[in-house]
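Beneath this line is the structure, given in structure tokens, with notes to follow.
The values are calculated or read from the model by the stated rules, or taken from the named source; none is laboratory data. Because the structure is predicted, anything quoted here is derived from the model rather than measured. Virtual Cβ from ideal backbone geometry, glycine too; neighbours counted across all protein chains shown. Protein only, heavy atoms only, side chains kept; ligands, DNA and RNA dropped before computing areas. Shrake-Rupley method; radii C 1.70, N 1.55, O 1.52, S 1.80 Å.
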Amino acid sequence: DSMQVDVLLQSGQPGMSQDAHTMLSEFPATRDELYQYDAIVAFDPDWTQLDATQVELVEKWVSDEAGGMIVIPGPIHTSNWIRSTEHAKLRDMYPVVFQQRLTLLDDGQFGGDLPMALEFERAGREARFLWLADSASDSELAWAGFPGVFGYYGVKGEKPGATVYLRVTDPEAALGDRNPVYMAGQFYGAGQVLYLGSGEFWRLRAVDPAYFEVLYTKLVRQVSQGRLLRGSTRGALLVDRDRYELGETVVLRARLADEQHEPLTLESVTAQILRPDNATEPVKLQADAERPGMYLGQF
């Protein structure tokens, strides 16, 4: 397996060098330009540089084409676009709710003097894309050597339906008995969006130089799976992870199109589940009223 990485450095100057296959001079502006990519990793992006057509393009690429996004806020650009009505669709894709107003506490979320440990939620412990080693126990030992992060962007919390994987142990910003969100993800239509509270996973190199590359490779593959595993241009089946324990509920999502490749308009469809004993079970998927062509069910 391999990845091709193109880089757009919004603050870059013509002629500067980056470790990339291609240096982009501007964000993709057409379907042909954007749809060649499986994932976008955005470090403190200045989304205000995107016009309305590009915002619509990104939203459709994620929701309809199963594009994956890893989004990392930062102290420079994030506060400039999170209240922009022109970029509401981008904000909708994030699995977290941003603060309605900036406070001194929010301003101080970056640049602490001491590291803050990361706390794994159950979903984080079960997520294989967060494993730094070949087994859960070895991965847990590897993460135990990571002292933590020195800052993060303060958000109000996760959105309904989002999955929180990591929280940051900041006693000054704890919400009741819960620490602030550091990593969360959600499906947005057929695509996945993963939110990281800061871009500090490079600090894993101090524990083992390979960990940073291992982690980001798995993160990119996780959010790209909808595009990498699609077997048809008319449909895709999506689950939030590839392994479940006996007795766990599997939430099944489907993106379906008709013969004209327009969103399917049936009220429901039925999937056939093949169980380990070779028995089959029908599962009814109901249409998502807010997203034409999306169907939801569980078993």
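Values for this structure:
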item	result
Listed residues Ser84, Gly161, Gly67: farthest to the positive end of the dipole of the chain (Cβ charges)	Gly161
Antiparallel DSSP beta bridges within the chain, as percent of all bridges there, nearest 5	75
Residue-averaged [θ]222 nm for the chain, counting only DSSP H segments that reach four residues, each worth -39500 (n - 2.57)	-5500 deg cm²/dmol
Gyration tensor verdict on the range 116-165 (Cα atoms; rounded if a/c is under 1.5, prolate if a/b is larger than b/c, oblate otherwise)	oblate
Apportionment of accessible area to carbon and sulfur, the chain, percent (1.4 Å)	50
Per residue, in Å², the accessible surface of the range 166-299 once ligands and nucleic acids are set aside, probe 1.4 Å	57
Helix runs (DSSP H) in the chain reaching 24 Å along axis by Cα, Kyte-Doolittle at least -0.5	211-228
Prolate/oblate/rounded call for the range 135-203, Cα gyration tensor, a/c under 1.5 rounded	oblate
Shape category assigned to the range 256-299 from the gyration tensor of Cα positions, a/c cut at 1.5	prolate
Sparse-neighbour loop sites [chymotrypsin sites (Phe, Trp or Tyr not before Pro); the range 144-191; at most 16 other C-beta within 10 Å; DSSP]	Phe150
Segment Tyr216-Leu228, length gained on full extension (0.36 nm per residue, minus Cα span)	2.7 nm
Calculated FRET efficiency for the pair Val251/Tyr35, C-beta based, R₀ 35 Å, to 0.05	0.85
Under 13 Å, Cβ to Cβ, from Val283 - net charge with Lys/Arg +1 and Asp/Glu -1	+2
All lysines inside 18 Å of Lys60 as judged from Cα atoms, apart from same-chain residues fewer than 8 positions distant	Lys89
Label corresponding to semi-axes √(5λ) of the Cα gyration tensor in Å when calculated from the structure given, among (i) 61, 25, 16; (ii) 31, 25, 20; (iii) 57, 23, 19	(ii)
